[in-house]
1. What is the chain's relative contact order, in percent, from Cα pairs under 8 angstrom and six or more apart in sequence?
2. Which entries in Lys52/Lys163; Lys24/Lys136; Lys6/Lys112; Lys6/Lys119; Lys136/Lys163 show an alpha-carbon gap greater than 25 Å?
3. Grab every C-alpha pair in segment 2-95, bin the distances at 10 angstrom width from 0 up to the longest one, and report whole percents.
4. What's the extension gain from Lys137 to Thr173 if we count 0.36 nm per residue and subtract their Cα-Cα distance?
5. Using the beta-carbon distance between Asp22 and Thr97 and R0 = 45 Å, what value does 1/(1 + (r/R0)^6) give for FRET efficiency, to the nearest 0.05?
6. Average the reciprocal distances over every distinct pair of alpha-carbons in segment 69-133, invert the result, and give the Kirkwood radius in Å.
7. Figure the gain on full extension for Met162 and Leu12 (residue separation times 0.36 nm, minus the Cα-Cα span) and round it to one decimal in nm.
8. Given the DSSP H assignment, sum -39500 (n - 2.57) over each helix run of at least 4 residues in the chain and divide by its residue total; what's the result at 222 nm in deg cm²/dmol, nearest 500?
Amino acid sequence: MKNIIKFTLFILYTIFLFFIEDIKFLIATILLNFIITIILKVNVKKMYDSIKILLPFVVITMLFNIFLASVQEGILIGVRILICYHATYLFSQTMTTLQVADTIQRICAPLKFFRINTKNIGIMISISICMLPILKKEMETLIQTLRAKGKQLNMGNIVIIMKPMLISILRKTSQMEKTLLAKGYEE
């Protein structure tokens, strides 16, 4: 029950972030996030490194919003995304993959009345979450291989990266299917 409350509060908090218009409330949420960071004793260096990876996406999003709306709107969107990412990072430090999948499966329990197998939903979510670090590592390996061959990473070379990545994803999916069938998991 504690995980369901935590997950629900996390979802409501991230949704609430994108409805904040006043900069004072955004500053208050930033302070709240930092207080939670201190309480949870999160490794600040790892958190900073993960946010640093997100910065190009945030800058591009801010620029689009500056050109399409206004400077203030662009800055607000950028700050909201950073706060949301920080909250997501904090949430990921408090729950394991299995706990997240179990929580979502419990939240989806009313779907049993419509004959939807919530166990399958939980398994799909846990597999998806577990695959993210594997795919990230594989993407980094492909980019390093591309650089070792003396090619620059650009939109023209994206096919060179995506093709082996797609093949790898399909292979891993096939291996997971065989493993689940070997362990006797049936729909």
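1. Details: 95 pairs, mean separation 36.0, N = 187.
It comes to 19 percent, rounded to a whole number.
2. Details: Lys52/Lys163 27 Å; Lys24/Lys136 36 Å; Lys6/Lys112 23 Å; Lys6/Lys119 21 Å; Lys136/Lys163 15 Å.
Distance filter (> 25 Å) returns Lys52/Lys163; Lys24/Lys136.
3. Reading upward from the zero bin: 15, 45, 33, 7, 0.
4. Working: separation 36, 0.36 × 36 = 12.96 nm, distance 1.64 nm.
Full extension of this stretch gives 11.3 nm more.
5. For R0 = 45 Å, the calculated efficiency reads 0.80.
6. Details: mean 1/r = 0.0713 Å⁻¹.
Hydrodynamic radius (Kirkwood, Cα pairs) of segment 69-133 is 14.0 Å.
7. Details: separation 150, 0.36 × 150 = 54.00 nm, distance 3.44 nm.
Difference between extended and current length: 50.6 nm.
8. Working: 7 runs with 150 residues, N = 187.
Rounded to the nearest 500, it is -28000 deg cm²/dmol.
Where a number appears in this text, it was derived from the coordinates with a stated rule and is not lab data. These figures come from a predicted structure and were not determined experimentally. Cβ atoms come from the backbone with ideal geometry, glycine included; neighbour counts cover every protein chain shown.
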